[in-house]
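Enquirer: Please find one structure pasted underneath; my questions will follow.
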Amino acid sequence: MSARPKVLIVEDDHPLRHFYRTVLSMAGFEVSEARSGYEALQSTGNDPPDIIVLDLGLPGFGGRTVLEDLAAQAHTRHIPVVIVTGQSGAAIEHLDADCLLTKPISAEQLVGAVRKCLASGAGNKER
């Protein structure tokens with residue numbers, strides 16, 4: 001991992017993506033963005049990030065599909081994923097709670113989850 005961990009933000013909502021970028025950049029992370037699941041998977045091919053912040057509610061190629069694809073690829077299955085979602089209850093009960101944030105989230109929650117998941121190596125290993 002580099003001196004400044006690389007975070008890939010995968011979020012289709014522009015204001016949220018900008019908020020996440022600002023917060024994580026100010027916390028010392030190197031940040032890149034993807035607006036869709038397809039963009040996210042393309043960007044992990046050449047230069048995989050150290051961690052991914054992933055919205056589950058992406059249109060089209062959704063967050064769950066991204067999780068499945070990341071877990072299926074040898075070069076990405078080790079990348080921790082912080083899942084951010086507006087979903088609750090049964091829809092998310094099987095997901096890794098250590099790396100799960102339910103919207104709305106604060107700057108402190110986002111930075112804390114990213115740091116915790118990087119430190120523990122938690123993520124999509126069981127998906």
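Enquirer: Ignoring the sites themselves, what is the longest stretch of the chain with no GluC sites (Glu not before Pro) in a DSSP loop and at most 15 other beta-carbon atoms within 10 Å?
Expert: Between exposed loop sites, the widest span is 1-92.
Enquirer: Kirkwood-based Rg over Rh for region 2-43 (C-alpha set), two decimals?
Expert: Values: Rg = 10.3 Å, Rh = 10.4 Å.
On the Cα set of region 2-43, Rg over Rh gives 0.98.
Enquirer: Using a 10 angstrom cutoff on alpha carbons, build the Gaussian network for the chain and name the most mobile of Ile52, Ile79, Ile105.
Expert: Ranking Ile52, Ile79, Ile105 by mean-square fluctuation puts Ile105 first.
Enquirer: Report the full-extension gain for the segment Phe61 to Thr102: residue separation times 0.36 nm, less the Cα-Cα distance, to one decimal in nm.
Expert: Stretched out fully, the Phe61 to Thr102 stretch lengthens by 12.7 nm.
Enquirer: Before rounding to the nearest 500, sum -39500 (n - 2.57) across all DSSP H runs of length at least 4 in the chain and divide by the residue total; then give [θ] at 222 nm in deg cm²/dmol.
Expert: Estimated from H runs of four or more residues: -11500 deg cm²/dmol.
Enquirer: Okay, moving on. Averaged over every viewing direction, what's the projected area of the C-alpha convex hull for region 6-120? Give it in nm², one decimal, please.
Expert: Values: hull surface 25.8 nm².
Here the figure is 6.4 nm², rounded to one decimal.
Enquirer: Are there trypsin sites (Lys or Arg not before Pro) in region 1-80 that DSSP marks as loop and that have at most 15 other Cβ atoms within 10 Å, and which are they?
Expert: Numbers: sites: Lys6, Arg17, Arg21, Arg35, Arg64, Arg77; in loops: Arg35, Arg77.
Sparse-neighbourhood loop trypsin sites (Lys or Arg not before Pro): Arg77.
FYI, it's all coordinate maths here, none of it is from the lab. All of these numbers come straight from a predicted model, not from anything done at the bench. No Cβ is skipped: glycine too gets one built from the backbone with ideal geometry, and neighbour counts run over all protein chains shown.
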